[in-house]
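*Asks:* To start, I am sharing the structure in question, which I have written as structure tokens.
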Amino acid sequence: MKTKFIILLLLMINVAFSQGEANIWYFGYNAGLDFNSGNPVALTNGQLHTDEGCATLSNSSGQLLFYTDGITVYNRNHQIMPNGSDLLGHPSSSQSATIVPKPNSNNLFYVFTIDYESHPNGFKYSVIDINLDSGLGDVTTQKNISVYEPTLENIAITKHNNGIDYWIVTHGWDNNSFNAYLLTSTGLSSIPVTTNIGATITGIGFQEAGYMKIAPSGSKLAFTSVSDIVQLFDFNNSTGVLSNEITLLTEYGELYGIEFSPNENVLYVTNTFNKLYQFDLLASDIPNSKFTLYNGSKFLGALQLGPNYKIYLAVIGQNKLGIIKNPDVFGSGCNFIIDEIDLAGKISQSGLPSFNQSFFFSPSINVTSNCVGDPSVFNFVTNQTVVSATWDFGDGSTSTSLSPSHTYANPGTYNVSVSVITPFGTGTKNTTITIFAKPTLLADTVSLKQC
């Protein structure tokens with residue numbers, strides 16, 4: 001008898017591309033977190049005392065640069081920057097501030113601010129030069145530069161598909177206009193790419209509040225409004241155009257926080273009136289995939305993906321944050337805990353820092369491993385451009401091919417590592433694979449004990 005035996009092992013690896021820029025958070029009433037150890041550690045030295053929107057930025061090594069509530073800018077020593085007062089955000093604007101580095105600049109940063117409830121300060125920006133004030137930073141004379149008004153309190157940031165420039169996306173008031181402004185090395189475009197799509201947001205009071213997030217890959221945009229609607233769109237990060245509107249939810253309450261899972265297959269939404277939902281973005285009927293993770297007594301605010309690829313939840317008036325430990329898992333297996341992250345006595349309010357979501361881009365890699373003496377093939381699965389990759393196969397062999405094939409000479413367990421560069425950053429991942437011995441032929445049978 002002639003028997004042919006093949007084993008194919010498929011291993012999915014998530015390669016972390018989160019850089020250090022999102023490793024320090026300041027928010028709420030003097031609350032803060034440091035992710036540089038991998039897990040969040042409470043910080044108590046923050047100067048913010050804000051109910052909602054805020055932003056923090058660190059360098060690629062995770063060292064704090066500055067932070068703001070959209071009104072006051074604090075340097076890394078927690079002192080107010082020169083000219084750093086009286087920015088025109090607002091403590092009751094859900095996404096009052098977001099920080100974006102100017103493309104092709106090592107020292108200039110844009111702070112985008114949004115006023116609350118369609119008030120006349122609208123959407124503005126100020127520019128920080130981090131080289132000024134002996135490297136602590138200074139708000140330049142480009143301060144409170146008007147872009148347009150009125151606007152909703154929502155803003156989302158993602159890299160352009162070229163990996164250099166940024167899209168800054170906002171939403172008009174009393175219309176259904178998404179306005180995507182391109183930030184390049186020459187500055188912010190004066191004319192946005194406008195897509196009229198989705199619900200018209202209007203009314204009186206605080207219907208202007210809500211959150212907007214773009215998926216880490218830049219392919220989708222999700223939007224909430226406390227006028228009781230959640231919508232999902234495709235986003236083209238080459239053109240800035242939105243398409244394929246889906247209304248996920250309309251219900252009474254304040255639909256507020258929103259966040260994509262790292263693999264972008266699950267979407268999370270809060271209703272500040274005590275509810276946390278999931279939606280399965282792979283379902284044939286996404287709105288009807290809604291799964292309730294929490295319906296309790298605590299008031300819920302913003303959701304934000306962390307650099308460790310867990311999602312954090314602001315719990316209003318509490319000294320702990322909620323956490324979704326396995327956000328790629330749909331259903332209760334996502335392991336949501338309402339009071340997990342201790343803030344060392346400081347208080348969470350509605351907001352968490354807003355970031356350029358491209359910081360959290362995380363592609364996957366396929367590895368096929370066979371028996372000893374057979375080729376093992378390594379390749380990427382991602383919709384982003386991979387600039388280069390360096391593999392270490394754990395047996396002394398390396399490769400710089402994007403999709404290498406490697407043959408192991410001996411059975412055993414090998415620690416494989418890969419360092420990958422995309423336009424969105426550099427990441428390294430280690431994993432362990434097993435190479436099995438070939439089957440032993442015994443007369444008319446095949447021993448499967450080894451391979």
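*Asks:* Among the listed pairs K124/K290; K298/K325; K143/K213; K325/K438, which are separated by more than 31 Å between their Cα atoms?
*Replies:* K124/K290; K325/K438
*Asks:* Can you sort Y116, Y67 by solvent-accessible area, 1.4 Å probe, largest first? Please report the intermediate quantities before stating the final value.
*Replies:* Details: Y116 55, Y67 0 Å².
Ranked from most to least accessible, the order is Y116, Y67.
*Asks:* Still on this structure: Can you tell me how much longer the chain between D395 and T250 gets when fully stretched, taken as 0.36 nm per residue apart minus their C-alpha distance, in nm with one decimal?
*Replies:* 46.6 nm
*Asks:* A further question follows. What is the distance in Å between the Cα centres of region 205-248 and region 177-199?
*Replies:* If we compute the Cα centre of each part, the gap is 14 Å.
*Asks:* Within region 280-309, whose backbone N sits under 15 Å from a point 7 Å along Cα→Cβ of K325?
*Replies:* The answer is 309, whose backbone nitrogens lie closer than 15 Å to the label point.
*Asks:* Ignoring ligands, DNA and RNA, what accessible area per residue does the chain give at 1.4 Å, in Å²?
*Replies:* With the other protein chains kept in place, the chain gives 38 Å² per residue.
*Asks:* Find me the longest stretch of the chain that has none of the exposed trypsin sites (Lys or Arg not before Pro), where exposed means in a DSSP loop (not H, G, I, E or B) with at most 13 other Cβ atoms within 10 Å.
*Replies:* Values: sites that count: K2, K4, K449.
Free of exposed loop sites, the longest segment is 5-448.
*Asks:* Run the numbers on the chain and let me know its relative contact order in percent, using alpha-carbon pairs under 8 Å that are six or more apart.
*Replies:* 15 percent
*Asks:* How would the chain be classified by its alpha-carbon gyration tensor: rounded, prolate or oblate, with rounded meaning a/c under 1.5 and the a/b versus b/c comparison settling the rest?
*Replies:* prolate
*Asks:* When all protein chains stay in place, what accessible area (Å², nearest 10, 1.4 Å probe) is found for M81?
*Replies:* Spelled out: M81, probe radius 1.4 Å, area about 0 Å².
*Asks:* Related question: What part of the accessible area of the chain, given as a whole %, is carbon or sulfur when the probe is 1.4 angstrom?
*Replies:* Within the chain, the accessible surface is 48 percent carbon and sulfur.
*Asks:* If you rank S61, S94 by how much accessible surface each has, with a 1.4 Å probe, what is the order from largest down?
*Replies:* In descending accessible area the options line up as S61, S94.
*Asks:* Still on this structure: From the square roots a ≥ b ≥ c of the eigenvalues of the alpha-carbon gyration tensor of region 144-233, which class results: rounded (a/c under 1.5), prolate (a/b over b/c), or oblate?
*Replies:* Since a/c reaches 1.5 but b/c is at least a/b, the shape of region 144-233 is classed as oblate.
*Asks:* If R0 is 60 Å, what FRET efficiency do you get for N131 and K438 from their C-beta distance, rounded to 0.05?
*Replies:* The calculated FRET efficiency here is 0.45.
*Asks:* How long is the gain from V377 to F273 if the chain were fully straight, where each residue apart is worth 0.36 nm and the alpha carbon distance is subtracted?
*Replies:* On the way: separation 104, 0.36 × 104 = 37.44 nm, distance 4.99 nm.
The span from V377 to F273 would gain 32.5 nm if fully extended.
*Asks:* Heads up, I need the accessible area for H90: 1.4 angstrom probe, whole protein in place, Å², nearest 10.
*Replies:* For H90, solvent-accessible area is about 50 Å².
*Asks:* Quick one: length gained pulling S243 to T413 fully straight, 0.36 nm per residue minus the C-alpha distance? Walk me through the intermediate numbers first.
*Replies:* Details: separation 170, 0.36 × 170 = 61.20 nm, distance 4.69 nm.
Length difference between fully extended and current span is 56.5 nm.
*Asks:* So for the chain, taking the charge dipole from beta-carbon charges (+1 Lys/Arg, -1 Asp/Glu), which of T50, T239, L281 sits furthest toward the positive end?
*Replies:* L281
The values are calculated or read from the model by the stated rules, or taken from the named source; none is laboratory data. Model, not experiment: these values are computed from the prediction. Methodologically, a virtual Cβ is constructed for each residue, glycine included, from the backbone with ideal geometry; neighbour enumeration extends over all protein chains shown. Surface areas here come from the heavy atoms of the whole protein model, side chains and all, with no ligands, DNA or RNA. Shrake-Rupley method; radii C 1.70, N 1.55, O 1.52, S 1.80 Å.
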